């Protein structure tokens, strides 16, 4: 939903301004609520636009700013037709906002461009609103090898309203022990692929299902929208893996990432809020800089991202339940944001093929990307998120 507020100088003829307003807003072809000069409920709508109708409005805006800042975390979007010196006034207002460290943007250009940009901003602000107040669980600490994958809790809270909840690994282990080892339930939940799995994988399935059920208890207890799990600790404590549990949670819309990787979790949460899509967390395993082919692999993949899948052991340990999924070929986007939100990477490409080599994590996809130098010169950690479809512009716009 869009709300449009107005700034108008008293020096301009109201009838003429109204005529321009009607023509200009009508040319955009958008549904909106027209609020006029009444800013009492500013910030209550999904996307709030300030239509700077004339020049000489800088002095009108300045005293309004303190009360507007109390009502919204959105940037200030200044809509201008370019008539009656509205663009000049918008530039002065935006310069003033920038001097105060306040984000803003002027929406100006052909009606088709303005309409597309406003529609994009609707998606961005809806995502921003949905992220505000989300609670994400960190179960156990990040894995020891993630030495470059730290996070800034204050940045996440102040900029996105995301709250991190640290949950001790022992709490998960206690919940796993409390879950019955129900082989029948595990077989029913895993379905036909389990019957085609090796016997040791079939035997591990009830334990893997207990991990899923225990994680669900924690999700409900702490009202989590997502989580990241220090999953390798489970190898020694319960002799099983979290691969199945994370695949199921992601299928259900609860973001779940491996190895306690908070930036990977954050990347997946942002992408989900913007696109509604589930992402595949994976490592770049091999890169050919000359052809642009990049092989990504991991032992878990969201079950709603694959056209078919089979169960195998976890690659590194040779135990538990890993997933070999077949991801549909076609357009994809590779995405990663840093834990302090200071930088991100988004690149569109094509998923060329799936493969199944024994010396790699179980789900293996080969992508073609135009840009591969990033991975070898300035990467953001090792894990990246693969999303179906092309959505780079939306991700870039949100994070910029």
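Annotations
- Of all the numbered requirements in (1) modelled with pLDDT of 95 or more; (2) surrounded by fewer than 22 Cβ atoms within 10 Å (Cβ to Cβ); (3) in a strand (DSSP E or B), residue 394 misses one, and that requirement is (3).
- Qualifying residue in region 246-254 (condition: in a helix (DSSP H, G or I), under 21 Å from residue 174 (Cβ atoms), touching a strand residue (DSSP E or B) at 6+ places or on another chain (Cβ under 7 Å) and in contact (Cβ under 8 Å) with a residue 12 or more places away in the chain): yes
- Any hit, region 354-373, residues being surrounded by fewer than 18 Cβ atoms within 10 Å (Cβ to Cβ), assigned to a loop (DSSP other than H, G, I, E, B) and at pLDDT 95 or above: no
- Any hit, region 19-26, residues being out of contact with any helix residue (DSSP H, G or I) (no Cβ under 6 Å at 6 or more places or on another chain), surrounded by fewer than 12 Cβ atoms within 10 Å (Cβ to Cβ) and touching a residue at least 24 places away in the same chain (Cβ under 8 Å): no
- From 150, 161, residue being assigned by TED's automatic domain parsing to the domain that holds residue 383 and over 15 Å from the mean Cα position of the chain (by Cα): 150
- Condition broken by residue 177, with the remaining ones in (1) surrounded by fewer than 20 Cβ atoms within 10 Å (Cβ to Cβ); (2) closer than 23 Å to residue 157 by Cβ satisfied: (2)
- Within the option set 144, 166, being more than 17 Å from the chain's Cα centre (by Cα), modelled with pLDDT of 95 or more and not assigned by TED's automatic domain parsing to the domain that holds residue 75 holds for one residue only, 166.
- The single condition among (1) within 16 Å of residue 346 (Cα to Cα); (2) modelled with pLDDT of 95 or more that residue 285 does not meet is (1).
- Hits in region 242-260 - residues which are more than 21 Å from residue 380 (Cα to Cα), out of contact with any helix residue (DSSP H, G or I) (no Cβ under 6 Å at 6 or more places or on another chain) and crowded, with 24+ Cβ neighbours inside 10 Å: 243, 246, 249, 250
- Residue 139 vs. criteria within 15 Å of the chain's Cα centre (by Cα), within 30 Å of residue 214 (Cβ to Cβ) and surrounded by 14 or more Cβ atoms within 10 Å (Cβ to Cβ): no
- Elements of the type helices (runs of 4 or more DSSP H) sitting completely within region 139-236 and holding at least 1 residues that are touching a strand residue (DSSP E or B) at 6+ places or on another chain (Cβ under 6 Å): these cover 169-178, 192-195, 199-222.
- When the residues of region 261-300 are filtered to those that are under 19 Å from the mean Cα position of the chain (by Cα) and under 17 Å from residue 316 (Cα atoms), the one that is surrounded by the fewest Cβ atoms within 10 Å (Cβ to Cβ) is 283.
- Selection within region 203-238: residues that are without any contact (Cβ under 8 Å) to a residue 12 or more places away in the chain and over 27 Å from the mean Cα position of the chain (by Cα). The member of this set that is farthest from residue 321 (Cα to Cα) is 236.
The values are calculated or read from the model by the stated rules, or taken from the named source; none is laboratory data. As the structure is a computational prediction, the values presented were derived from the model and not from experiment. Reconstructed Cβ throughout: ideal geometry from the backbone, glycine too, with neighbour counts over all protein chains shown.
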